[in-house]
Amino acid sequence: MANGAYLRYPHLNGDLLAFVADDDVWLAPTSGGRAWRFTADRVPVSHPRFSPDGARLAWTSTREGEPEVFVADLEGGEGERLTHWGNATTGVRGWTEDGHVLAVTAAGHASRSRLWAHAVPLDGGPATALPYGRVSEVAVSGAKVAGVSAVFREPSQWKRYRGGTAAKIWVDATGDGEFTRLFARNPAQHWSVMWVGERLAFLADTDGDGNLYSCLPDGSDLRQHTTHRGFYARHAASDGSRVVYSLGGDLWLLESLDAEPYKLDITLSGPRPARARRPAPNRVGGFAPDRTGRPAWSRSAAPPTG
């Protein structure tokens with residue numbers, strides 16, 4: 001881990017890398033090195049995504065309550081809130097080719113499992129629902145569309161699940177609106193879909209751990225690109241040629257699908273207020289030791305009586 005921080009949700013564009021650590025979005029060179037904060041809100045954030053031209057960054061933030069879509073120019077300035085859905089399932093997933101933010105949400109539906117993809121304009125206008133059905137992820141490249149079925153939790157938090165609600169990949173390879181499920185006979189979970197050149201890359205736990213795979217749009221020519229053990233590869237993303245992902249709190253990069261993955265050496269700069277020492281609370285309502293034997297405590301909601 002970089003400076004003891006847990007790095008997640010990476011994305012890249014050109015020579016810049018975006019990721020999440022310490023409840024903020026950070027930027028760093030794709031070659032590794034010293035990172036700097038892009039946001040300073042210290043609230044849960046996720047899925048930063050560069051615009052296709054690299055001029056803007058969109059991300060999911062809880063700065064004003066429920067998760068919403070925010071966007072800002074890379075040159076600086078306060079992030080602008082684009083959605084007011086008020087739904088806990090809202091999340092940025094990328095950008096459309098015409099410059100709208102691609103996001104999913106179950107807002108307006110009766111169940112949180114009814115996630116739908118939307119194109120969110122930058123002018124604050126209403127979002128447009130996209131005709132991809134219920135999806136928790138979506139990746140678009142020209143006419144090709146790939147989606148992941150609506151799932152309730154991240155597969156790395158549901159390791160080796162093989163039930164009926166496992167994450168599944170659906171692909172429309174021609175743009176005719178007809179989707180076909182890939183790997184229907186494989187009960188493993190498949191997620192983090194992305195188009196890398198003419199291939200579809202994704203994460204799957206077929207071999208018992210989350211690793212990176214790719215195939216042709218029809219599911220043929222399946223290849224495995226990583227062989228990690230112990231930790232799941234998570235939050236994989238691509239700029240169309242390179243793939244970046246998190247693993248055990250570190251970020252890993254493949255320069256191409258023909259290259260070997262390697263870990264990025266990233267150092268977080270500036271103060272780390274979330275790791276600062278603080279005095280113990282005056283009242284302890286309860287405690288539970290972790291596996292190292294160090295106690296974790298919580299402040300009592302009310303003064304003790306009796």
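No lab work stands behind these numbers, since they all come straight from the coordinates. Please read these numbers as outputs of a predicted model, since none were measured by experiment. Here the Cβ is made from the backbone with ideal geometry for all residues, glycine too, and neighbour counts use every protein chain on show.
Here are a few things to note about the model shown:
- Protection-proxy order for peptides 137-150, 26-39, each taking the mean of Cβ atoms within 10 Å per residue, highest first: 137-150, 26-39
- The GluC sites (Glu not before Pro) of the range 1-105 meeting both criteria, a DSSP state outside H, G, I, E and B (loop) and at most 13 other C-beta atoms within 10 angstrom of the site's C-beta, are Glu64, Glu75, Glu78, Glu97.
- Considering only the chain, percent of DSSP beta bridges that pair antiparallel, nearest 5: 95
- Each residue of the range 147-163 was assigned a 3J(HN,Hα) from its phi angle through the Karplus curve 6.51 cos²θ - 1.76 cosθ + 1.60 (θ = phi - 60°); the sequence is x, 10, 3, 4, 10, 8, 8, 5, x, 5, 9, 9, 4, 6, 5, 10, x Hz, with glycine and proline shown as x.
- Shape index of the chain: Rg/Rh, with Rg the Cα radius of gyration and Rh the Kirkwood radius from the inverse mean 1/r over Cα pairs, equals 0.98.
- Less than 5 angstrom separates the built amide H of Arg56 from those of Ser51, Leu74, all sequence-distant by 5 or more or on a different chain.
- For Leu16, residues with placed amide H under 5 Å, excluding near neighbours: Thr30
- Paramagnetic label reach from Lys159 (point 7 Å along Cα→Cβ; backbone nitrogen cut-off under 12 Å): within the range 33-74, no residues.
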